[in-house]
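Okay, so here's the structure we're looking at.
The values are calculated or read from the model by the stated rules, or taken from the named source; none is laboratory data. Because the structure is predicted, anything quoted here is derived from the model rather than measured. Don't worry about glycine lacking a Cβ; one is built from the backbone with ideal geometry, like all the others, and counts go over all protein chains shown.
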Amino acid sequence: MKAIIPAAGIGKRLRPHTFNRPKVMVPVAGKPILEHIAGALFESGFNELSVIVGYQKATVIDHFEEHYPGRCRFFVQEKMEGLAHAVLMGLEDRDEPALIILGDTIIDMDLRRFQDSNENIIAVVRVEDPSRFGIVETDREGFITGMVEKPEHPQSDLAIAGAYFLKSQRRLKAAIEELIDKGIRTRGEFQLTDALAIMMKDGERFRAMPINDWYDCGKPGTLLSTNRFILSRRSGNRGECVNCTLQDPVYIDEGSRIENSAIGPDVAIGKNVTIKNSEITNSMIFEGARLEGVRLSDSIVGRKAVVSGFSGRLNTGDENEIESDKKTKAQP
């Protein structure tokens, strides 16, 4: 069965970590966001992945050709015209099903639930701030009666969770083409919710599937939350630790060396990282970074960044250098 993954976005809210990579390639718990999603799809029996790329497309294509050779097809969205426009590139004119799953959202559920369905399905989750999301309204039987993208005055707290199962690619393709032909835009873009609304108007029914574990990777705070969740399932130490205390969950990738430090809980450390005389909790340290005499919490440190003597919360990009006069020495 086919899955379509829109992954062309820039990820402005995740800057500075998306200056040199697309949002879907930001690492979480040792792997890019998109790789977590692709791996779950392959494990669930999806054998055809159509990935829509755009910003920094070579980064995505090269990585997946290396790790999953021949298992993904790539389509380039040259101009960002919205989610419906991106999805259209991966659809085919045939009455066969497809799962659409957003490239910046990790859903903890058995994706085979979609494969076994004979209904159109939209995964939904209850949220505190519905105005940030696509929102659906449902009847007593759980069928969707209306949907709107980021409403100013939401009538429901059921947000679309970034996974859509369509029984017919052809019907969705026709709805998106109608949307584009008529120039129907919401917030300046062709929205998938508007295309699905056209399908509903034409008689299609969609069932809302409530889910509990839904992890957004769109901004630093939610990225750290997602990192904590994945670490609870995927921890381990492939590096070298000398005179250290590790408080699980912690993930340390190969080639990294930690000395005289206390690490964890909820810390992911990439490849070839060096850390000395430091204390780190609830943080993500990307590949090649060097840290000494730091005390970090709730922090993200970019690739090949150099940080010394800093204490507090930090969100720094690739190859930045940060040095504080106030030295910190941590004992494990």
Test of understanding: among GLY70, GLY90, GLY82, GLY30, which residue is surrounded by 22 or more Cβ atoms within 10 Å (Cβ to Cβ), assigned by TED's automatic domain parsing to the domain that holds ASP216 and farther than 28 Å from LEU196 by Cβ?
GLY30
Residue under question is ALA7, and the condition is that it be over 20 Å from VAL301 (Cα atoms), buried (at least 17 other Cβ atoms within 10 Å of the Cβ) and touching a Cys at 6+ places or on another chain (Cβ under 9 Å); does it hold?
no
Segment 195-242: strands (runs of 3 or more DSSP E) wholly inside it with 3 or more residues that are over 30 Å from GLY146 (Cβ atoms) are 240-242
Note on segment 303-324: residues over 23 Å from the mean Cα position of the chain (by Cα) and within 17 Å of GLU279 (Cβ to Cβ) are VAL307, SER308, GLY309, PHE310, SER311, GLY312, ILE322, SER324
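Take the residues in segment 214-267 that are among the small types (Gly, Ala, Ser) and under 16 Å from the mean Cα position of the chain (by Cα), then tell me which one is modelled with the highest pLDDT. Spell out the reasoning first.
Going through segment 214-267, the residues among the small types (Gly, Ala, Ser) turn out to be 218, 221, 225, 232, 235-236, 239, 255-256, 261-262, 264.
Still in the running and under 16 Å from the mean Cα position of the chain (by Cα): 218, 221, 225.
Values: GLY218: 76, GLY221: 85, SER225: 90.
Across segment 214-267, the extreme among qualifying residues is SER225.
Give me a count of the residues in segment 107-135 that are in a loop (DSSP other than H, G, I, E, B) and touching a residue at least 12 places away in the same chain (Cβ under 8 Å). It would help to see each step written out before you state the result.
Of all residues in segment 107-135, those in a loop (DSSP other than H, G, I, E, B) come to 108-111, 116-119, 127-129, 133.
Pick out the ones that are also touching a residue at least 12 places away in the same chain (Cβ under 8 Å) and you get 108-111, 117-119, 127-128, 133.
Going through segment 107-135 one residue at a time, the tally reaches 10.
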Take the residues in segment 145-188 that are polar (S, T, N, Q) and within 15 Å of GLY203 (Cα to Cα), then tell me which one is surrounded by the most Cβ atoms within 10 Å (Cβ to Cβ).
SER168
